[in-house]
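The values are calculated or read from the model by the stated rules, or taken from the named source; none is laboratory data. All figures in this text were calculated on a predicted structure; none of them were measured in a lab. We place every Cβ from the backbone using ideal geometry, glycine too, and count neighbours over all the protein chains shown. Remember, those area values only see protein heavy atoms, side chains included, never the ligands or the DNA or RNA. Shrake-Rupley method; radii C 1.70, N 1.55, O 1.52, S 1.80 Å.
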Amino acid sequence: MAVQLNHTIVHATDKKASAEFLAGLLGLEVQPQFGPFLPVVVANDVALDFADAGDGAITPQHYAFLVSEEEFDAIFARIEDAGLTYYADPSRRRPGEINHNDGGRGVYWADPDGHFMEIITRPYGSGS
Ligand SMILES: [Fe+2]
């Protein structure tokens, strides 16, 4: 049995702004609207389907992306160019830093609705 995550819904105040924010930073394209969703699809074919939350409160979620060292350089440069506050840790105690967990690099930042995004170059627990 090979179960794969296929899509998840990311609630947003403005789905277009949020989808473009994430896609722009990650170097991806926002896909054509599908029903109420604006998808951002990553390399392993998981779609993050951005959807407007309407009047409902948005509960911030956490999304982490595994990237190459070269992609990390490009994405992190875009984070810095955008003037975003970034953190080395999920508890936001180390602003303006990245981490080197598992022998790689990682960094966190918040999207317009507070969803906490992360890029890592090594999966959790993969370091020696
Ligand atoms: Fe994480």
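Here are some notes:
- Criterion violated by Pro32 - all others in (1) in a loop (DSSP other than H, G, I, E, B); (2) more than 16 Å from the ligand (Cβ to nearest atom); (3) open to solvent by 70 Å² or more (accessible area, probe 1.4 Å); (4) in contact (Cβ under 8 Å) with a residue 12 or more places away in the chain satisfied: (4)
- Residue within segment 52-60 that is under 23 Å from Leu5 (Cα atoms) and out of contact with any Ser or Thr (no Cβ under 8 Å at 6 or more places or on another chain) present: yes
- Neighbours by Cβ (under 8 Å, 6+ apart or cross-chain): first from segment 109-128, over 20 Å from Arg94 (Cα atoms); second hydrophobic (A, V, I, L, M, F, W, C) and part of a loop (DSSP other than H, G, I, E, B): Asp113/Ala53; Asp113/Ile58
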